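The numbers here are math on the coordinates, done by the rules we state, and not lab data. Everything numeric here is computed off the predicted structure, so don't read it as measured data. Methodologically, a virtual Cβ is constructed for each residue, glycine included, from the backbone with ideal geometry; neighbour enumeration extends over all protein chains shown.
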Amino acid sequence: MDGADVVAPGRSKESTPALPEATAAGYDGWMARRMPILLVLAAVLLVMPFGSASAADPWCDAHFPDRAWETAGETEFLTVATTGLAEGQALRFADEAAGTARALQDDLGPLPQLHLCVYGGDVRLDPAGILPEGQRVHSVVFNEDATVYIGVLEASFFDEAHAFGLAYAALWLVAGEVGLDGYPEPLATTIGQWYLSRAAGKTELHHSQMRSGAFFADPSGRGVATTDWTSEAQPPVYPWNPQFQESPVADLIDYAVATAGPDVLRNPTNARWQALEQSWQDALREEALQGTSSGNDWLIGLAIVIGMVGLAGLLAWLTRRSKRRFKDEARLRGTTLEGAGKR
């Protein structure tokens, strides 16, 4: 042991200088192995703030900033934001509305992006300047911003509400492109009702309703008075209740697009639409009187119905007469027996 240096681990003069080199080499190797992972983590951290920033929606916030609006879906045609809704419900509403936006683009041509703001049933928006005090905002369109607000207090009416609202906002944009300050009314409302009918799957029902009333509206066949389709213009702000917006008169728009093509929606002149209305009325009356096959099969059906009603009435009369005769005979027998007893 004499002359030998007793060295505590890590403290000898020979071993101490070697430690920094070994440590540096190990650190470099550790960094080289983990650098890809660190880069990925850094990228994720950089992306995360931008993802959360998309939660705010400036269009919906513009009119009702007291709510926390979150973007639920965005396409080149439409941005949908919600408040007071579960994530799954918000995504479903956004998907349904995107379909309507695509249909509007197909019918009306390229348009600026629309904005839809959907709020839950327990959310009450401030109606100041929109509705009288004490009334609730169900749906409202701010046409100048192409922004539509829909309340889902009655979620079953969402299809009708968003279809009408987006169509109404899109028509305002069309009016600007053709040099008008708002699309003409009541044509705009009627076109909006047509998109409502399509979203709700009621185009056939509305056609049937209008066809049924065609004969009674014009029993003489001399034609009915046409409507002034351009008597007013769309207002910048339009509130409505989806529960009372449906009307079968939307069948006129279905007829006009089927016969003249969707471009007719970009031609909102009164003369054009009065001619279409007259043609539509004539077609409804013809269909109501002769059927779609232009034959007289309807007369056979009518005769069968009348015969069945007449037969049912005859049977009821015979049954009643039989009961009355039976009572009369019973009364007569009773009177006879009573007279025999007295004798």
With a/c under 1.5 counting as rounded, go ahead and sort region 58-290 into rounded, prolate or oblate using the C-alpha gyration tensor (a ≥ b ≥ c being the square roots of the eigenvalues; past the cut-off, prolate if a/b is larger than b/c, else oblate). prolate
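Could you rank the peptides 139-152, 256-269, 167-180, 195-208 by their average count of other C-beta atoms within 10 Å per residue, with the highest value first?
Result, highest mean first: 139-152, 167-180, 195-208, 256-269.
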Considering only DSSP beta bridges with both partners in region 58-290, what is the antiparallel share in %, to the nearest 5? 60
For region 155-288, shape from the Cα gyration tensor axes a ≥ b ≥ c, cut at a/c of 1.5 then a/b versus b/c, turns out oblate
For region 109-222, what value does the Rg/Rh ratio take when both radii are computed over Cα atoms and Rh is the Kirkwood radius, given to two decimals? 1.06
Going by amide H atoms built from the backbone, whose H comes under 5 Å of the H on L125, apart from near neighbours? V137
So, over other residues within a Cβ distance under 13 Å of N270, counting Lys, Arg +1 and Asp, Glu -1, the net charge is -3
